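The values are calculated or read from the model by the stated rules, or taken from the named source; none is laboratory data. Computed from a predicted structure; not experimentally measured. Cβ coordinates were reconstructed from backbone atoms using ideal geometry, including for glycine residues, and neighbour counts include every protein chain displayed. With ligands, DNA and RNA removed, areas are computed over all heavy atoms of the protein, side chains included. Shrake-Rupley method; radii C 1.70, N 1.55, O 1.52, S 1.80 Å.
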Amino acid sequence: MKWDEFFVTGEPMIYASMVAIAVVSLAIPIGLTYFKKWGYLWNEWLTTVDHKRIGVMYILSALLMLFRGGVDALLMRAQTARPENGLLDAQHYNEIFTTHGVIMILFMAMPFVIGLMNVVIPLQIGARDVAFPRLNAISFWLFFAGAMLFNISFVIGGSPDAGWTAYFPLASPEFSPTVGNNYYSLALQISGIGTLMTGINFIVTILKMRAPGMKLMKMPMFTWSVLITNVIIVFAFPVLTVALALMMFDRQFGTQFFAMQNGGMDMLWANLFWIWGHPEVYIVILPAFGIYSEIISTFARKNLYGYKSMVISMVAISMLSFVVWAHHFYTMGHGVMVNSVFSITTMAIAVPTGVKIFNWLLTLRKGKIEFTTPMLYSLAFIPIFTIGGVTGVMLAMASADYQYHNTMFLVAHFHYVLIPGTVFAVIAGFYYWFPKVFGFRLNERLGKLSFWVIVVSFNVTFFPLFILGLNGMTRRMYTYSASTGFGPLNLISAIGAVGLAIGFIILVYNIYWSVRYSPRDTTGDPWNARTLEWSTHSPVPVYNFAKVPTVDSLDAFWFSKKNKTPLAEGAYEPIHMPSNSGMPFIMGIAFFFAGFFLVFSWWLPAIIAGLVILGTMAFRTFERDHGYHISVEEIERTEEALRGERK
C-alpha cells in the first residue's frame with residue numbers, strides 16, 4: 001500500500017485535521033509530564049472501576065463526539081446553503097453524512113445516555129456500585145476503542161461513504177472499494193460488544209442490588225426506563241453484531257451474504273439492520289423519558305402522575321419497537337399485506353407514547369413549577385417532540401410514505417424526534433445531576449441563555465426541511481440548481497445550524513465558568529429533589545452510602561425529608577469495594593489495534609493484537625483480587641470531612 005492510499009490526501013480540511021491531531025497528541029503527554037499528572041491519570045481514571053468516574057468518562061467522550069458530529073452537520077448545511085455550491089464534492093459529502101449519522105447515534109447519544117446511567121442508577125437504587133464493576137470498565141474502553149477507530153478513518157484510509165445505514169450494494173466492495181466501510185463494520189462491532197456488556201450489567205444491578213424495601217414498583221422512573229432499555233439492548237445488539245460480522249465477511253473474505261447474485265440478498269442487510277435499528281431509537285429515547293420524568297416531578301414539586309401507566313407504557317413501547325422495522329422500507333416491494341401490518345404496529349406505538357405526554361402534562365397541572373435550566377429543556381421537549389410524533393404518524397401510513405420517503409421531510413421528522421427526545425434530555429440530565437458528581441451547580445443564567453439559543457436555532461434549522469421535503473428535495477442531495485427553488489429555505493436552515501453551534505459553545509463555556517466561580521454545594525440536595533441519589537453527599541464518596549438506605553415508599557428521600565425520618569439507621573460497618581485494574585484499559589487498546597489491522601487486512605499484527613486480548617482474559621482468570629475493605633474509622637473520617645466537620 002502506498003502512503004497516499006494509507007493517508008487521506010487532497011483536502012485542505014483533512015490536512016488541517018491531521019495537524020490538529022498531531023498537536024493534540026503531543027500536547028497531552030507534554031502537559032501530563034509538565035504538571036506531573038501521569039500517576040493521577042493512571043490511578044484515578046484509566047484504571048478506575050468506580051461507576052461514577054466511568055460515567056464521567058462516557059459523558060466527556062459523548063461531548064467530544066457531539067462536536068465532531070456537529071462539525072459534519074455544519075459542513076452539510078454549508079454545502080447546501082446555496083445552489084451549485086462547491087464547498088464539498090460528492091464523495092466528501094457522502095462520507096460526511098455517513099459519519100455524522102453514526103457518530104451522533106452510536107458515539108454521542110448512546111454514551112451520553114450510558115454515562116448518565118452509570119452515574120445515577122446505583123445511587124438511585126441505594127447500591128454501592130454496579131453488579132460487575134470490572135466488566136463496566138471493559139464496556140467503556142471497548143466503546144472508546146470503537147469510537148476512536150471509527151474517527152481516525154477520515155485521515156487514515158478514508159471514511160465510510162454508504163450512509164449511516166450502510167445499505168448494500170452501496171456498502172459492497174464493488175461500489176465502495178476503499179477501506180471506509182471496513183472501519184464501519186469493525187468499529188461498530190467493538191463498541192457494540194461493550195454496549196451489550198453494559199446491558200447485561202445493568203439488568204443484574206437493578207434486579208439484584210436494590211436497597212432493602214425497594215420493590216420494582218417503588219423504583220424511580222429513570223431506573224425503570226434504564227431497566228427496560230437494557231432489556232432491549234440485550235435482545236437487539238446481537239442482531240447488529242451478526243449483521244456486521246456478515247458484512248465483514250462479504251467485504252474482506254469474498255462471501256456474498258448481501259450480494260445481488262449467487263444466492264445473496266441485499267434486502268437481508270436492510271432487514272437485519274432495522275431489526276436492530278428501530279429498537280435502537282428507543283434505546284436512546286426511553287432513558288430520556290425517564291430523565292424527563294425525574295426532572296418534571298422534581299421541579300413541579302409533585303409526585304409523577306400515573307406512575308403505573310408510565311411503567312406499562314414503557315413496557316409496551318419496548319415490545320412494539322421490535323415489530324415496526326419494515327416501515328423503513330415501505331417502498332421496496334414487500335407488498336400490501338406486509339406494509340399494512342407494519343403500518344398498524346407503527347401507528348400503535350404512538351398510543352403508549354401519548355400516554356406519557358399526558359402524564360407529564362398532568363404532573364405539571366397545579367404544580368409549583370420552578371423554571372430551572374433542566375426544567376426548561378423538559379418543557380420545550382413536550383411540544384417539539386409532539387411535532388416529531390405527529391409527523392411520524394404521517395410517515396407510518398404506507399401509501400403516504402411513497403411521497404415522503406427519502407425526502408428532507410424524513411430528515412426533519414427524525415431530528416424532531418431525536419434532538420428533543422434525546423439531546424435535550426441528556427443536556428437536561430447533565431445540568432440536573434452535575435452537582436451530584438462535582439459538588440456545584442452549573443450557572444443558571446448561562447444555562448438559560450444556552451437553552452434559548454439551542455431551542456430557537458433547532459427550529460430554524462429543521463422546520464424548513466419539512467417544507468423542502470414536501471416540495472421534493474431528496475435527502476443526501478449534495479447540490480441542486482437554482483431553478484428548484486430550494487435555496488432560500490436551505491440558507492435559513494444553515495443559519496439555524498450556526499445558531500445551534502453557538503448554543504453548544506455557550507454550554508461548554510458554562511462548564512468552564514462554573515468550575516472556576518460557582519459556589520460549592522454542601523447540602524447534597526441543591527434541587528430539593530425526591531430520589532435516593534440526593535440523600536448522599538456531593539460529590540459522592542467512593543462507597544456512595546455510608547449506611548445502606550431502607551426504602552418503604554416511592555420517592556423515599558422526599559418523604560424522609562417531609563416526615564423527618566432517617567433513611568438509614570444503625571452503626572457504620574466496614575464496606576467492601578472492588579480494586580482498580582489496568583486490564584480493561586489494556587484490553588481496549590488491544591481491541592483498537594486488532595480492529596485497525598483488520599481494516600487493512602494485515603493479518604499477522606491483527607492476530608498478535610488478538611493474542612494480547614486473550615492474554616488479558618487469561619490474566620483475569622488466574623488473578624486473585626478480591627477487592628479491599630474501607631474501615632469504620634476511615635468512613636467516619638470521610639463522612640466528617642464531607643459534612644465540613646473535619647479539615
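Would you list the helices (runs of 4 or more DSSP H) that sit entirely within the stretch 543-647 and hold 2 or more residues that are surrounded by fewer than 17 Cβ atoms within 10 Å (Cβ to Cβ)?
556-563, 603-622, 632-642
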Exercise. Mind checking which residues of the stretch 66-79 are open to solvent by less than 10 Å² (accessible area, probe 1.4 Å) and in contact with a Leu (Cβ under 9 Å, 6 or more places away or on another chain)?
Worked result: Gln79
Seminar exercise, completed: So, first residue free of Cβ contacts under 8 Å to residues at least 40 places away in the same chain and over 21 Å from His92 (Cβ atoms) in the stretch 473-493, second residue polar (S, T, N, Q) and open to solvent by 60 Å² or more (accessible area, probe 1.4 Å), Cβ within less than 9 Å, six or more apart or across chains; the pairs are Gly485/Asn471; Leu489/Asn471
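Taking Ser457, is it assigned to a helix (DSSP H, G or I) and either in contact with a helix residue (DSSP H, G or I) (Cβ under 9 Å, 6 or more places away or on another chain) or open to solvent by 50 Å² or more (accessible area, probe 1.4 Å) (or both)? Please lay out each step first, then the result.
Details: assigned to a helix (DSSP H, G or I): yes; either in contact with a helix residue (DSSP H, G or I) (Cβ under 9 Å, 6 or more places away or on another chain) or open to solvent by 50 Å² or more (accessible area, probe 1.4 Å) (or both): yes.
Here the answer is yes, as Ser457 does meet what is asked.
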For this session: Scan the stretch 459-477 and give yes if some residue there is of a type in the set (Lys, Arg) and closer than 30 Å to Gln124 by Cβ, otherwise no.
Result: no
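Of Phe600, Phe619, Phe545, Phe557, which residue is over 20 Å from Val130 (Cβ atoms), at pLDDT 90 or above and in contact with a Lys or Arg (Cβ under 8 Å, 6 or more places away or on another chain)?
Working: Phe600 fails: in contact with a Lys or Arg (Cβ under 8 Å, 6 or more places away or on another chain); Phe619 fails: in contact with a Lys or Arg (Cβ under 8 Å, 6 or more places away or on another chain); Phe545 fails: over 20 Å from Val130 (Cβ atoms).
Going through Phe600, Phe619, Phe545, Phe557 in turn, the sole match is Phe557.
Within the bounds of the stretch 140-148, is there any residue that is of a type outside the set (Asp, Glu) and within 28 Å of Pro549 (Cβ to Cβ)?
We begin by selecting, within the stretch 140-148, every residue of a type outside the set (Asp, Glu); these are 140-148.
Now drop any that are not within 28 Å of Pro549 (Cβ to Cβ), which leaves 140.
Yes, there is a match, as at least one residue in the stretch 140-148 is of a type outside the set (Asp, Glu) and within 28 Å of Pro549 (Cβ to Cβ).
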For this session: Assess whether Arg301 counts as being of a type in the set (Lys, Arg), open to solvent by 10 Å² or more (accessible area, probe 1.4 Å) and over 30 Å from Trp602 (Cβ atoms).
Result: yes
Problem set entry | helices (runs of 4 or more DSSP H) fully within the stretch 371-419 counting 3 or more residues that are farther than 30 Å from Gly333 by Cα and of a type outside the set (Phe, Trp, Tyr) | 373-396
Exercise. Of (1) over 24 Å from Trp274 (Cβ atoms); (2) within 22 Å of the chain's Cα centre (by Cα); (3) in contact (Cβ under 8 Å) with a residue 40 or more places away in the chain, Ile369 satisfies all except one. Which?
Worked result: (2)
Problem set entry | Residue satisfying condition, being assigned to a helix (DSSP H, G or I), over 20 Å from Pro541 (Cβ atoms) and at pLDDT below 95, within set Ser139, Ser153, Ser159 | Ser153
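Can you go through Val498, Val460 and tell me which one is under 15 Å from Ala412 (Cα atoms) and modelled with pLDDT of 95 or more? Working first, answer last.
Details: Val498 fails: under 15 Å from Ala412 (Cα atoms).
Exactly one residue qualifies, and that residue is Val460.
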Exercise. Taking Glu84 and the conditions (1) surrounded by 12 or more Cβ atoms within 10 Å (Cβ to Cβ); (2) at positive phi; (3) acidic (Asp, Glu), which numbered condition does it fall short on, given that it satisfies the others?
Worked result: (1)
